[in-house]
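Visitor: Following this message is one structure expressed as structure tokens.
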Amino acid sequence: MNLADPVDASLPTSENKLFAPGRRAACVGAVALISMLAFEAIAVATAMPAVAAALDGLPLYALAFGATLATSVLGMTAAGQLCDKRGPYRASLVGLTAFLLGLLLAGFAPSMTALVLGRALQGLGSGVLGVTL
């Protein structure tokens, strides 16, 4: 590349804009998924002290966060392989399903152990979703 070459200053066409009609739904969906994952992380960090105390689970407090992070790494690894074989659409459905099932399990957990298992499933799903997006 010659540094003296002028930069192409042409404006992008309507087909390659981020929110072009063919891309609008995908962009809105991606923003919604990322917002959901971020909101969940903030809400859990805020509520976890009260939840752990209510479930008599202070010894498992750190594991509720650590399991989520560890399984998200596993989800990222699995998502890479799944995206290569089947494409990102199926992988995103798997990730969203795992995340929502984990959210329900953690939300209705009768014990801290069930909450940790739900959080681990959430981490798996969020790891998959992070790769597919």
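Visitor: Count, please, the residues in the range 106-132 that happen to be farther than 17 Å from Leu74 by Cβ and crowded, with 16+ Cβ neighbours inside 10 Å. So that I can check it myself, show each step before the final result.
Guide: Going residue by residue through the range 106-132, those that are farther than 17 Å from Leu74 by Cβ are 106-115.
Add one more test, that the residue is crowded, with 16+ Cβ neighbours inside 10 Å, and what stays is 106, 109, 112, 115.
Within the range 106-132, residues that are farther than 17 Å from Leu74 by Cβ and crowded, with 16+ Cβ neighbours inside 10 Å number 4.
Visitor: Related question: Cβ contacts < 7 Å: first residue outside any helix (DSSP H, G or I), restricted to the range 110-133; second residue of a type in the set (A, V, I, L, M), any location; separation 6+ or different chain. Result?
Guide: Listed pairs, sorted by first residue: Ser111/Leu55; Leu133/Ala30; Leu133/Leu33; Leu133/Ile34.
Visitor: Which residues, counting only those in the range 85-105, are surrounded by fewer than 19 Cβ atoms within 10 Å (Cβ to Cβ) and within 10 Å of the chain's Cα centre (by Cα)?
Guide: Scanning the range 85-105 gives a single hit, Leu96.
Visitor: Of all residues in the range 18-54, which are assigned to a loop (DSSP other than H, G, I, E, B) and either open to solvent by 60 Å² or more (accessible area, probe 1.4 Å) or at pLDDT 95 or above (or both)?
Guide: Step one: filter the range 18-54 for residues assigned to a loop (DSSP other than H, G, I, E, B), giving 18-23.
Leu18, Phe19, Pro21, Gly22, Arg23 - these are the residues of the range 18-54 that are assigned to a loop (DSSP other than H, G, I, E, B) and either open to solvent by 60 Å² or more (accessible area, probe 1.4 Å) or at pLDDT 95 or above (or both).
The values are calculated or read from the model by the stated rules, or taken from the named source; none is laboratory data. Small disclaimer: the values here were computed from a predicted structure and weren't measured. Here the Cβ is made from the backbone with ideal geometry for all residues, glycine too, and neighbour counts use every protein chain on show. Keep in mind that these areas ignore ligands, DNA and RNA; they rest on the heavy atoms of the full protein, side chains included. Shrake-Rupley method; radii C 1.70, N 1.55, O 1.52, S 1.80 Å.
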